[in-house]
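No lab work stands behind these numbers, since they all come straight from the coordinates. Small disclaimer: the values here were computed from a predicted structure and weren't measured. Note that we place each Cβ from the backbone using ideal geometry, even for glycine, and neighbour counts take in every protein chain shown.
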Amino acid sequence: MNSRAPYQPLSDTALDQAAHWFVILHAGDASEQDQQGWRLWLEASPENARAWACANGVSGHFKGLPVDLARATLGAAAGIGRRRAIKNLAVLIGVAGSSWFTLREQPWQRWTADYRTGLAEQGEWRLADGSLLNLNSSSAVRVEFGQAERILHLLDGELLLETGHDPRPLRVTTAEGSVRPIGTRFSVSQQAGHSRVAVFSGSVELTPSAAPSSPRRLDSGQVSRLFRASSGTPMPASDDLLAWLHGMLIADDMPLSEFASTFERQRRGRVTCAATVADLRISGAFPLNDSDRALDALTANLPVRIRRFTRYWVHIEPR
């Protein structure tokens, strides 16, 4: 079953306590009494278990960094007081906890990918059926070409596909459903809770995974969102959506949360956004290879400030 319960925010008490125990147990000098105290706290309530899972999931976001840098980012390196470490981690669990429940499924999926790109990296491949595949940064695709059909599974990130001439049916699957192209050039981007599909030539058919009998057709020059149970009303699509092919982001009334996730794919560490400013809108042209410059530009146009806990953890919050 694909449906999942809505995410319930954790209380400040649970966040602080999870951060407290995380720092103690990872400091390198935890005693048997500390271990026992942690186990009693963990088993005291389901919320404590959720908070602990978030703490471990958040720390996992930094596993791509060198060990010393990852520890410094979490505030646990030598020279940083334990109180400050607890405060830093509690904030990070609070701002990133809900997104972790979505993102936690991705690492193992990426291991199964046939084509992938890293941070600030794009890739282009000619597939066996003649299709041309482009991947945006931090993206992953698994390919299944059989005798009866061709399937591309978008596991993470964004793809642009120009279909080849092959009589077998072709589908692109995402977490929310599938996209069936009809002799076309189109892009699919996996977002938090939905997939964005834009058509630049030909047409496609969007099919939600939970409503397979309710497909929607998208024609050239249209863009829509695909959800698990529905698809959005088609809107005009701009070639600006493909600016990443040229190392640029062209934002046109883009939600700040999407802006943050876009630049998180360009750098090591985390770029998080407070819920109170996530729906603010931003427009402009930004170079993808200079994320610090792009993030700093936000403060000139929006009532936000950029909080840098370290170079590897940037948080956008109200001014």
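Starting from the Cα of Thr299, step 7 Å along the direction of its Cβ; do the same at Glu205; then give the gap between the two resulting points in nm.
According to this spin-label approximation, the distance is 5.2 nm.
May I have the pair-distance distribution P(r) for the range 219-282, computed from all Cα-Cα distances with 5 Å bins from 0 and rounded to whole percent?
Computed distribution, short to long bins: 4, 14, 18, 22, 23, 14, 4, 1.
Can you give the Rg to Rh ratio of the range 109-241, both from alpha-carbon atoms, with Rh computed by the Kirkwood formula?
On the way: Rg = 13.5 Å, Rh = 14.5 Å.
Ratio of gyration radius to Kirkwood radius for the range 109-241: 0.93.
Using 0.36 nm per residue, how much length does the chain from Ala278 to Leu40 gain when fully extended, once their Cα-Cα distance is taken away?
Working: separation 238, 0.36 × 238 = 85.68 nm, distance 3.62 nm.
This chain segment gains 82.1 nm when fully extended.
Which FRET efficiency value, to the nearest 0.05, is calculated for Glu149 and Ala285 with the Förster distance at 41 angstrom and r the Cβ-Cβ distance?
Details: r = 39 Å, r/R0 = 0.96.
Once the sixth-power term is evaluated, E becomes 0.55.
Using label points projected 7 Å from each Cα along Cα→Cβ, tell me how many nm separate Leu25 and His165, to one decimal.
6.0
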